[in-house]
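Coordinate-derived values only; no laboratory data. Just so it is clear, the structure is predicted and the values come from calculations on it, not from any experiment. With ideal geometry, Cβ positions are generated from the backbone for all residues, glycine too; neighbour counts draw on all protein chains shown.
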Amino acid sequence: MNYADVLFKEDLKICLHFGDAAEEFSGAAVPPIYQNSLFVYSKHEELAEAVKNELNYYVYWRGTNPTVEVLEKKLAALERGEDCKCFASGMAAITAAILASIKSGEHVLCVSHIYTSTLDLLKYLQKFNIQHSVVYSTNIEKIEQSIQKNTKLIILESPTSLTFELINLKSLAELAQSYGIRTMIDNTWGTPIFQKPLTLGFDIVVHSASKYLGGHSDVVGGALITSHKIMMELFPKEFLLMGGIMGPHEASLLLRSIRTLPFRMKEHEKNAYEVATFLENHPNVTVVNYPGLATHPHYELGKTQQTGNSGLLSFVLKDETYEAAKAVINAFKFIQIGVSWGSFESLVTSPNYGHNEGSLLKEKISPGLIRLSVGLELISEIIEDLDQALSVIS
Ligand SMILES: *Cc1c(COP(=O)(O)O)cnc(C)c1O
């Protein structure tokens, strides 16, 4: 049995059973939804003790809720991290991670393409004199050259957003450690099933649970996994004070989704590989950005730091215009047009809405780039739809 198989088995056990023993919930087969905003105590001294440590005691739902806590334990275990807190959205988790790691006058270095709203958040934070810059390279030496004296946080995604390049996570973490810089990775694409950045030296992992962790297009949420030390600093401030918390109903939906996460990820991977191979051989497509393809420039690196590749990819049309991208996107029959990704259903979109083409060009994103989230439908139907949509252009 190889390493990936061992991990898969360990993770499956966590997804199915870890942290939700029925005896802890009056024999309930799955954790019930704790729909209570507060917890009462028989003595005020007991409440006083609990208030001192709301991370570990139930006081008020804004701090810790038993249903959400089960999810937090599972996610921490899956990422091999010490602590996890769940948030109202991926952006709430990202906001907490950034604000906990940086102060006025300091600098955040972003490595290559990151989620657009994360970059927009950093632009917003300029009004508090929090600086940032982006190094559009995955090369460790180039990244090192972009570190400034006041850099305190490095943010990245691997694969990078939209372009799906990989960054050597172990080397990046070592580099940052040698400069005393904190590292944060958005691991939404890989999910903890395929990539565990904390084990490679990263300090903070964030997730949009709205994607694969949810997987059914019916929940928005976020998660932050880190060491106990960082969580002890972050919890009373960026979590408890800012209050961007997850509710128990969302946590219950996510607990249900996570039970099938390992199997869903394997199916997404299988379908995406077929789609990428089909696109690679299509005459109307020039580039396929999918790290699971043996022809991808970072394929070998991927094998050293991932145990799989998920289902989101992009490709560039031979006709690199917004007109061509629109024509293809509009021609899909059962694959639907929409934002978000990581669910059971295939979804297609372009980051290019016409009015933002200038800024995309500056980031070297082709106007003819199409992003496809490969779902769990029959692969023959997905390919058939792709084939007919690509045939509307030449
Ligand atoms: C969607 C997404 C986010 C934001 O998550 P929300 O749950 O929508 O707030 C962050 N990072 C990545 C990579 C995403 O795709």
What helices (runs of 4 or more DSSP H), lying completely within the range 122-240, carry at least 3 residues that are away from the ligand (no atom under 12 Å from the Cβ) and within 25 Å of residue 68 (Cβ to Cβ)?
-> 191-194, 228-234
Mind checking which pairs have a first residue in the range 52-75 that is free of Cβ contacts under 8 Å to residues at least 60 places away in the same chain and a second that is small (Gly, Ala, Ser), Cβ under 7 Å, 6 or more apart or different chains?
-> 57/50; 59/50; 60/37; 73/19
Mind checking which pairs have a first residue in the range 336-355 that is under 19 Å from residue 366 (Cα atoms) and a second that is of a type in the set (D, E, K, R) and within 16 Å of the ligand (Cβ to nearest atom), Cβ under 8 Å, 6 or more apart or different chains?
-> 348/371; 349/371; 350/371; 351/371
Residue among 343, 373, 310 that alone is touching a Lys or Arg at 6+ places or on another chain (Cβ under 8 Å), crowded, with 16+ Cβ neighbours inside 10 Å, closer than 18 Å to residue 273 by Cα and not aliphatic (A, V, I, L, M) = 343
Can we say residue 38 is surrounded by fewer than 17 Cβ atoms within 10 Å (Cβ to Cβ), in contact with a strand residue (DSSP E or B) (Cβ under 9 Å, 6 or more places away or on another chain) and either within 29 Å of residue 198 (Cα to Cα) or free of Cβ contacts under 8 Å to residues at least 60 places away in the same chain (or both)?
-> yes
Output yes when any residue across the range 322-332 is part of a loop (DSSP other than H, G, I, E, B), free of Cβ contacts under 8 Å to residues at least 24 places away in the same chain and touching a helix residue (DSSP H, G or I) at 6+ places or on another chain (Cβ under 9 Å), and no when none is.
-> no
Name the single residue, out of those in the range 10-35 being among the charged types (D, E, K, R) and surrounded by 11 or more Cβ atoms within 10 Å (Cβ to Cβ), that is farthest from residue 302 (Cα to Cα).
-> 24
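Are there helices (runs of 4 or more DSSP H) fully within the range 26-120 with at least 2 residues that are over 22 Å from residue 158 (Cα atoms) and either under 21 Å from the mean Cα position of the chain (by Cα) or not hydroxyl-bearing (Ser, Thr, Tyr) (or both)? List them. Give the steps one after another, and end with the answer.
Details: elements: 44-52, 66-79, 90-101.
Output list reads 44-52, 66-79.
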Residues that are assigned to a strand (DSSP E or B) and within 23 Å of residue 216 (Cβ to Cβ), drawn from the range 335-394 | 336, 337, 347, 348, 349, 371, 372, 373
